[in-house]
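Values in this text are rule-based calculations from the coordinates and carry no lab data. Predicted model, so just to flag it, every value in this text is computed and none were measured. Neighbour counts are summed over all protein chains in view; Cβ atoms, including those assigned to glycine, are modelled from backbone coordinates with ideal geometry.
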Amino acid sequence: MTKMPNIRRAGAEDAPSCAAIVANWLFRTHWIANGPDLEELTRILRKGIPLREFWVIGEPVQGYVSLELKKSQIHGLYVAEQGLGLGKALVNKVKEGRDFLQLYTHIPNEAAQRFYHREGFETVEELPEGRGDGVGELRMEWHR
């Protein structure tokens, strides 16, 4: 059995690694058009890391989860490689000590929906126009 990589709080220095993971996902995702480039993603993440509970997994960074505490909302969960348990480990980290989490996921992202359902999230709302990028989204909630 392979040991799960360490999870630690992110710092601004982790922004480029996290941005590269997102940029790679955007590159492979045909239903998102005109996403931010690597430089813009790095800027966005560098600004967001200190504002949220932000965790990274692995050295080098193999994934991250970003949580807005006020809303108990996961703003981002990205891993460099799926199927290794990294996403599950990150979701379990933000579940610690909480009774409720929510998130939005794009309707075309069926793999993410299957993952979140396995992790106990339920779909509670559908937003056909999405929240800004024109791609429909689902709001999902987890309750302990």
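Bridging of residue 70 to aspartates and glutamates at a Cα separation below 13 Å is possible for 53, once same-chain residues fewer than 8 apart are set aside. Using the Cβ-Cβ distance between residue 31 and residue 98 with R0 set to 30 Å, the FRET efficiency from 1/(1 + (r/R0)^6) comes to roughly 0.45.
Each Lys or Arg adds one and each Asp or Glu takes one away; over the other residues whose Cβ falls under 12 Å from the Cβ of residue 60, this sums to -3. Would you mind getting me the FRET efficiency between residue 70 and residue 110? Use the beta-carbon distance for r and R0 = 22 Å, nearest 0.05. About 0.15, to the nearest 0.05. Of the residues 27, 74, 111, the one whose Cα sits farthest towards the positive end of the charge dipole of segment 7-143 is 74 (charges of +1 on Lys and Arg Cβ, -1 on Asp and Glu Cβ, taken about the Cα centre). What residues of segment 111-144 lie in the reach of a label at residue 43, counting those whose backbone N is under 19 Å from a point 7 Å from the Cα along Cα→Cβ? 133, by backbone N distance to the label point. Residues 124, 91 in ascending order of nearby Cβ atoms (within 10 Å, fewest first): 124, 91.
Taking the helices alone, the chain has a mean residue ellipticity at 222 nm of -9000 deg cm²/dmol, built from -39,500 (n - 2.57) per DSSP H run of at least 4 residues and averaged over all its residues.
By the gyration tensor of its Cα atoms, with a ≥ b ≥ c the square roots of the eigenvalues, what is the shape of the chain: rounded for a/c under 1.5, prolate for a/b over b/c, or oblate? Rounded shape, in that the Cα axes give a/c under 1.5.
In loop segments of segment 41-144 as defined by DSSP, there are no chymotrypsin sites (Phe, Trp or Tyr not before Pro) with at most 10 further C-beta atoms inside 10 Å of their C-beta.
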